[in-house]
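Please see the structure below; I have some questions.
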Amino acid sequence: IKYNEQIAGKYRSGLNFRYLDSYLEKEIVTKTFQQYFAYGSEYWTDRKDFEKLLKLNSEKNIDWFFSTMIDSKEAIDYKMKSVEQNENQVSFQLKNKFKSAVPVPVYTVKKDSIVNKKWIEINQQDSIISIDKNEADYVVLNYKNEVPEINQRNNWYNLNKSAWLNKPIAFT
């Protein structure tokens, strides 16, 4: 399993487009594919046409997607460091272990339910992030595995000071 996930290669392009669709929300990628195929049935198209359509349909800047996710095979891995919390907020350093700076979702989780989700757009190698605590038990990067990361074991932080494990125990 580890070999298939980390070495052999997943369905990388499918995962990348699923990631972009999650980031853009509103099923923009799916609608753009439909437009592209309708346009492609009448005219000769290439990748640049799809890229233009996608940029027209999205409100967010997605230049990072084509340079990092499509053109290169750089690995993605984020890690939380130096976590500090007060009554209302949690602040932490988001460490990017590789060169690729792509958006990552940060969740606050209480038991098994999501309290809040926020997409963090990274501009620097290491950034300090502050989010609302909202009486959550955990702060989790990439909780629903939208970002195709290499190591997902370093994405959890337990906000309860009495607990000694960051990630909940799972018996398999």
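Could we say that residue 116 is assigned to a loop (DSSP other than H, G, I, E, B) and either modelled with pLDDT under 80 or open to solvent by 20 Å² or more (accessible area, probe 1.4 Å) (or both) here?
no
Same structure again: Take residue 106 and decide whether it is within 21 Å of residue 148 (Cβ to Cβ) and either surrounded by 13 or more Cβ atoms within 10 Å (Cβ to Cβ) or modelled with pLDDT of 85 or more (or both).
yes
Could you give me the residue pairs with C-beta distances under 8 Å whose first residue belongs to the stretch 15-28 and is within 11 Å of residue 57 (Cβ to Cβ), whose second residue is open to solvent by less than 10 Å² (accessible area, probe 1.4 Å) and not β-branched (Val, Ile, Thr) wherever it lies, and which are 6+ apart or on separate chains?
28/54
Still on this structure: What residue, of 72, 67, 82, is open to solvent by 10 Å² or more (accessible area, probe 1.4 Å), part of a strand (DSSP E or B) and of a type outside the set (Val, Ile, Thr)?
82
Another question about this same structure. Just need a number here: residues in the stretch 110-126 that are within 15 Å of the chain's Cα centre (by Cα) and either within 15 Å of residue 77 (Cβ to Cβ) or hydroxyl-bearing (Ser, Thr, Tyr) (or both).
2
What residue, among those in the stretch 40-58 that are without any contact (Cβ under 8 Å) to a residue 24 or more places away in the chain and part of a loop (DSSP other than H, G, I, E, B), is least open to solvent (accessible area, probe 1.4 Å)?
It comes out as 45.
The values are calculated or read from the model by the stated rules, or taken from the named source; none is laboratory data. Remember, predicted model here, so these are calculated numbers, not experimental data. Positions of Cβ are generated from backbone atoms using ideal geometry, with glycine treated the same way; all protein chains shown enter the neighbour counts. Note: accessible area is taken over every heavy atom of the protein model, side chains too, but ligands, DNA and RNA are not part of it. Shrake-Rupley method; radii C 1.70, N 1.55, O 1.52, S 1.80 Å.
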